[in-house]
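Structure record follows, encoded as structure tokens.
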Amino acid sequence: MKIHEFQAKELLRAAGVPVLNGKVVRTPDEAADAFESLGTPVCAVKAQIHAGGRGKGHVEGSEQRGVELAKSADDASRIAQGLLNKTLVTIQTGPEGQIVRQVFVESGCDIQQELYCAILVDRAAGSPVLIASTAGGMDIEEVAVK
């Protein structure tokens, strides 16, 4: 099953797990409106594709990253403009990348500790595998090797 980050967070919220507030948007103007309505001084603007590594990924032909922080509605709009309908290349997409059709504008927060947890399908073993890390999700492939 492939779902976007915002969809996973909707499932977690429905199960009573606390998650940050956010809004899915499809235009730069919607991103600016989302920033304003969330009411936090910083928001993360996150490309929504079916692949990890978005924070270190880049838009084809650009320095734009797949996840960036916005400190104003104008920032959110500019970041969304740089992502929407562009190809995002990450370690998991391969060089062909994936087109970003929507972005998730999420409230910022102070981070005391970042954790990572995922359930993946191990096709060779024919079963689900739980991956957890106290080092967060950035560079999870390298963390798993160590």
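The values are calculated or read from the model by the stated rules, or taken from the named source; none is laboratory data. Model, not experiment: these values are computed from the prediction. Glycine also receives a Cβ, built like all others from the backbone with ideal geometry; neighbour counts cover every protein chain displayed.
What the table shows:
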{"quantity": "Filter result for Thr90 (surrounded by 14 or more Cβ atoms within 10 Å (Cβ to Cβ) and closer than 18 Å to Lys2 by Cβ)", "calculated": "yes"}
{"quantity": "3 or more residues closer than 23 Å to Tyr116 by Cα, outside the structural domain of Leu120 (by TED's automatic domain parsing) and touching a residue at least 60 places away in the same chain (Cβ under 8 Å): qualifying strands (runs of 3 or more DSSP E) within the range 1-102", "calculated": "22-25, 43-47"}
{"quantity": "Identity of the residue in the range 1-44, closer than 18 Å to Val67 by Cα and of a type in the set (Gly, Ala, Ser), that ends up surrounded by the fewest Cβ atoms within 10 Å (Cβ to Cβ)", "calculated": "Ala8"}
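A quick yes/no check of all residues on (1) assigned by TED's automatic domain parsing to the domain that holds Gly52; (2) modelled with pLDDT under 85; (3) part of a strand (DSSP E or B):
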site	(1), (2), (3)
Cys117	no, yes, yes
Leu120	no, yes, yes
Ala125	no, no, no
Leu130	no, no, yes
Gly136	no, yes, no
Glu142	no, yes, no
